[in-house]
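Here the structure comes first, spelled out in structure tokens, and everything after it is commentary.
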Amino acid sequence: MKRSRVTLADVAAMARVDRAVVSRVVNKDPTLNIRQETRERVLAAIDELGYRPNVAARSLRTSRAHMFGLFIPDFANPVYAEIIKGAEAEAAAQGYVLVTGSATGAGLGEYMDRIGQGRIDGLLLAGTGDDTSLTRQLDQAAIPWLMLNNRSRGVKRYVILDDQRAAALAVEHLVRLGHRRIAHLAGPSRADTAARRSVGYSAAMRDAGLPEGPIVAADYTPAGGAAAMARLLAVPEPPTAVFVANVASAIGAMEGVRAAGLEIPRDVSIVAVHDLDLASYLFPALTTVRMPLAELGRRGVTLLGSLKPDDTVAEVLAGPIELIQRRSTAPPGR
């Protein structure tokens with residue numbers, strides 16, 4: 001037999017309270033003033049009956065979809081998995097669902113068409129590039145939106161990480177080890193994160209009194225990292241150390257060193273931005289700069305929940321950034 005849907009009335013009857021009380025408990029109404037034992041009785045009834053809110057009915061009643069959108073460049077980049085986890089956790093804590101799409105599956109325009117105006121209550125944009133027509137399209141949609149670890153010219157609506165500080169930590173570590181020929185395997189030329197890390201690299205080299213080494217740009221993929229490393233090692237005086245802008249690129253860069261018949265870190269030390277679990281399982285284990293990726297996702301959703309369509313936000317996330325030293329870096333060989 002088909003099981004009938006559990007309703008607010010069912011929960012209210014079991015918990016011996018009014019339906020309005022159940023509704024306000026479910027919606028986490030901060031103004032609800034009831035005894036703790038009453039709240040626990042309602043929660044116990046919800047759990048026992050397996051009650052789930054009727055999202056469609058709630059959307060009609062509140063004129064909100066209770067969904068946030070997150071648009072990323074590529075699901076293959078493992079960095080975004082950490083951001084998504086943080087954003088999803090915060091969305092759930094607010095009673096929302098996170099709907100994620102990527103530029104590899106569809107463009108932002110198609111993504112917006114699929115989710116439909118009015119079907120989301122806010123949108124986070126990670127790595128969409130500098131596109132003024134995009135911002136106009138979003139403004140016309142009349143929903144709050146926020147750039148996540150990405151900026152666009154003339155737009156003051158973003159929350160980013162301190163990528164310049166991350167680059168400085170990487171370069172300072174290599175300098176302390178005694179390296180003087182330090183190259184930079186940068187990110188894509190149009191990526192705002194790559195630009196900030198390159199600025200940090202250049203500033204750290206100046207502060208150390210060292211000339212900049214060769215700089216080669218690559219996309220944030222292992223294949224891009226391998227090709228860029230081959231170019232760096234082909235210069236007349238190859239570097240003894242390389243600062244890589246992204247951990248995915250670094251995986252390919254390490255293979256590029258081995259393909260050249262060299263060893264890490266005896267011939268080339270490598271340090272990369274972003275610390276993921278896989279970094280400690282590479283051979284050799286990769287030295288990284290740990291960034292608060294999950295915290296970035298959480299902060300983005302928190303801001304989105306209170307953001308009006310025309311609000312201004314320009315925030316650099318204050319979070320722990322630290323160097324995680326492993327076996328891919330060492331003093332330069334002879």
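The values are calculated or read from the model by the stated rules, or taken from the named source; none is laboratory data. As the structure is a computational prediction, the values presented were derived from the model and not from experiment. Reconstructed Cβ throughout: ideal geometry from the backbone, glycine too, with neighbour counts over all protein chains shown.
What to note about this one:
- Residue selected from region 313-327 under the condition touching a helix residue (DSSP H, G or I) at 6+ places or on another chain (Cβ under 7 Å) and more than 13 Å from R290 (Cβ to Cβ), by the criterion surrounded by the most Cβ atoms within 10 Å (Cβ to Cβ): L317
- Condition met for P239 (part of a loop (DSSP other than H, G, I, E, B), of a type outside the set (G, A, S) and buried (at least 21 other Cβ atoms within 10 Å of the Cβ)): yes
- Output for region 9-50, where each listed residue is closer than 25 Å to A91 by Cα and in a loop (DSSP other than H, G, I, E, B): N27, K28, D29, P30, T31, L32, N33, G50
- Inside region 174-202, residues that are in a helix (DSSP H, G or I) and crowded, with 20+ Cβ neighbours inside 10 Å make up a count of 9.
- Region 293-314 residues that are under 17 Å from K85 (Cβ atoms) and touching a residue at least 40 places away in the same chain (Cβ under 8 Å), paired with ones that are basic (K, R) and in a helix (DSSP H, G or I) (beta carbon under 9 Å, 6 or more apart): L293/K85; A294/K85; G297/K85
- Residue match in region 222-245 (condition: polar (S, T, N, Q) and within 26 Å of I83 (Cα to Cα)): no
- Test: residue in region 252-270 that is among the acidic types (D, E), out of contact with any Phe, Trp or Tyr (no Cβ under 6 Å at 6 or more places or on another chain), within 30 Å of E90 (Cα to Cα) and surrounded by fewer than 18 Cβ atoms within 10 Å (Cβ to Cβ): no
- Qualifying positions in region 215-251 - hydroxyl-bearing (S, T, Y) and in contact with a Leu (Cβ under 8 Å, 6 or more places away or on another chain): S249
- Any chance D275 is more than 21 Å from A166 (Cβ to Cβ), surrounded by fewer than 24 Cβ atoms within 10 Å (Cβ to Cβ) and in contact (Cβ under 8 Å) with a residue 40 or more places away in the chain: no
- Residue ID - nearest to L161 (Cα to Cα), chosen from residues in region 190-239 that are of a type in the set (S, T, N, Q) and modelled with pLDDT under 95: T193
- Among the criteria (1) surrounded by fewer than 15 Cβ atoms within 10 Å (Cβ to Cβ); (2) outside any loop (DSSP other than H, G, I, E, B), the one F283 does not fulfil is (2).
- Among the candidates G154, G225, residue that is crowded, with 20+ Cβ neighbours inside 10 Å and more than 19 Å from the chain's Cα centre (by Cα): G225
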